[in-house]
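First comes the structure, then the notes that go with it.
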Amino acid sequence: MSRFKLFMDPVYGEFVRLEKGSYLDRVVSHPYLQRLRYIRQLGPCYLVYPGAEHTRFQHSLGVMWLADKAFSYLKLNGFKISEEVELAVKLAALAHDLGHSPFSHALEGKVINRNHESLTVWALKRVGDEVGLPKELLKDAVKVIEKRHEKPYAYQLVSSQLDCDRLDYLSRDSFFTGVSFGKVEVNRILVSALLEGDELVWNFKGFNSLESYVMSRYQMYWAVYFHRGNISAQVLLQKIVKRIKELLKEGVNLEIDENLKKALKEEREEDFFNLTDGSLISSIYLLKNSKDKVLQDLAERFTKRALFKAVEASASELLELKERVEKLGFDPDYYFEVVEPSKVAYSYYSPNGKDVIKVKVGQRIEELSNVAPTDAIKALSRKVSKTYAVVPPEVLL
């Protein structure tokens, strides 16, 4: 085993293997990938679920590992996969989250005005140049991330309604938060993978596991990702960054992490990729002594876990709450936010549209809910619309 680096994964109870000196090993060793060790997978969700301290690094290894397993099962099922496509997919799986901001989705687009997908491509190209990846491999991996690879299954394994990314984060988030909802039969699902005209489809024999996956996904969104405490913690972080950014652009000198200061002022990629959760946390602790009263108060609330409250509200109630915020002397730019969970980063399965879970039944291909013996999947796939007002708890007294 001296040929391999071994990473013990507690979620799967097995080693993730990387051949020493391989292209994937070189990418893992690059500072941009190592940076993900210091970015929590679920952002500030650890303030709600204390065990949610797992990182984007762990998740990235997990997605690559599941992609490796998927290819093994596809080959066992008689499908021929070129080595070039397999390596490009595993590289894309490993690197797919390079562009995440500190605290992941909570601050996406808030530090610099770009989404994590575009930043991932920028970073992967730079990593590829620095570690000597073949140009064709790098080009193909970017195509996978941008969902434009010539063989659709290549990107569907990494980014689709049922992919290695979702399988890993549901399993991993469930494991570390301690909830049971996200537990899915990963191996049973992956062994059901089939190819139909270069499209990824799933064997009907795995239907029970596929149905369970959709149910688990729905439950995790409302129990964890859309948890009110998690939403309010995210909003508090966003308001802190918003205030820091505005003051810096006004020329105010703030005592914060220098990398964070440069990234917020200049919005350069090079500075962004020097940031971790620690950059922001250390700055928030320093800002408890800020002369700016808004920043001082927001920082104090975060460090004490005196979070805002997220309350479900109608349109008229939103107006009333905003007025109450203003009457109490709070600036609504920093102490009021409207959040609609259905519009945030995570989303539950929808059987409508082009990107659906396709099941092979005999010789025909069907969307998953159409072959279900009950309407359970369709019921879970209906859009649930909620609107939350996020305000200081004093507003609700």
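At a glance:
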| read-out | value |
| --- | --- |
| Out of Arg301, Arg228, sole residue that is in contact with an Asp or Glu (Cβ under 9 Å, 6 or more places away or on another chain), of a type in the set (Lys, Arg) and modelled with pLDDT of 95 or more | Arg228 |
| Hey, Tyr32 of a type in the set (Phe, Trp, Tyr) and within 21 Å of Val127 (Cα to Cα) or not | yes |
| Scan of the stretch 287-300 for residues that are exposed (fewer than 14 other Cβ atoms within 10 Å of the Cβ) and assigned to a helix (DSSP H, G or I), ordered by number | Asn289, Lys293 |
| Residue list for the stretch 159-187, filter: in a helix (DSSP H, G or I), over 24 Å from Val85 (Cβ atoms) and free of Cβ contacts under 8 Å to residues at least 60 places away in the same chain | Leu170, Ser174 |
| Any strands (runs of 3 or more DSSP E) falling wholly within the stretch 354-397 and containing at least 3 residues that are within 29 Å of Pro152 (Cα to Cα) | 358-361, 364-367 |
| Selected residue (only one of Glu199, Glu130, Glu185, Glu150 is under 20 Å from Met220 (Cβ atoms) and more than 17 Å from the chain's Cα centre (by Cα)) | Glu185 |
| Filtered residues of the stretch 301-321 (kept if of a type outside the set (Val, Ile, Thr) and either under 21 Å from Arg40 (Cα atoms) or not in a helix (DSSP H, G or I) (or both)) | Arg301, Phe302, Lys304, Arg305, Ala306, Leu307, Phe308, Lys309, Ala310, Glu312, Ala313, Ser314 |
| Residue check, Gly206 assigned to a helix (DSSP H, G or I), crowded, with 18+ Cβ neighbours inside 10 Å and not aliphatic (A, V, I, L, M) | yes |
| Count of the stretch 225-269 residues which are part of a loop (DSSP other than H, G, I, E, B) and not β-branched (Val, Ile, Thr) | 10 |
| Options Lys90, Lys125; residue that is assigned to a helix (DSSP H, G or I) and under 15 Å from Glu269 (Cβ atoms) | Lys125 |
| Residue check, Gly78 of a type in the set (Gly, Ala, Ser), surrounded by fewer than 19 Cβ atoms within 10 Å (Cβ to Cβ), assigned to a loop (DSSP other than H, G, I, E, B) and touching a residue at least 60 places away in the same chain (Cβ under 8 Å) | no |
| Counted residues, the stretch 28-59 - those being more than 21 Å from Val144 (Cα to Cα), assigned to a helix (DSSP H, G or I) and polar (S, T, N, Q) | 2 |
| Verdict on Gly62 being in a loop (DSSP other than H, G, I, E, B) and assigned by TED's automatic domain parsing to the domain that holds Glu196 | no |
| Subset of the stretch 38-90 [among the β-branched types (Val, Ile, Thr) and in contact with a strand residue (DSSP E or B) (Cβ under 8 Å, 6 or more places away or on another chain)] | Ile39, Thr55 |
| Filter result for the condition that a residue is more than 30 Å from His30 (Cα to Cα) and either buried (at least 16 other Cβ atoms within 10 Å of the Cβ) or touching a His at 6+ places or on another chain (Cβ under 9 Å) (or both), over Leu275, Leu319, Leu307 | Leu307 |
| Pair list, Cβ < 6 Å and 6+ apart or interchain, from the stretch 84-97 residues that are closer than 15 Å to Asp168 by Cα to residues that are at pLDDT 95 or above and of a type in the set (Lys, Arg) | Asp97/Arg56 |
| The stretch 166-200, subset of a type outside the set (A, V, I, L, M, F, W, C), in contact with a Ser or Thr (Cβ under 9 Å, 6 or more places away or on another chain) and farther than 19 Å from Glu14 by Cβ, residue surrounded by the fewest Cβ atoms within 10 Å (Cβ to Cβ) | Ser180 |
| Residue in the stretch 152-159 that is surrounded by fewer than 17 Cβ atoms within 10 Å (Cβ to Cβ) and more than 29 Å from Leu236 (Cα to Cα) present | yes |
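The values are calculated or read from the model by the stated rules, or taken from the named source; none is laboratory data. Remember, predicted model here, so these are calculated numbers, not experimental data. In this analysis, Cβ positions are derived from the backbone assuming ideal geometry, glycine residues included, and neighbour counts consider all displayed protein chains.
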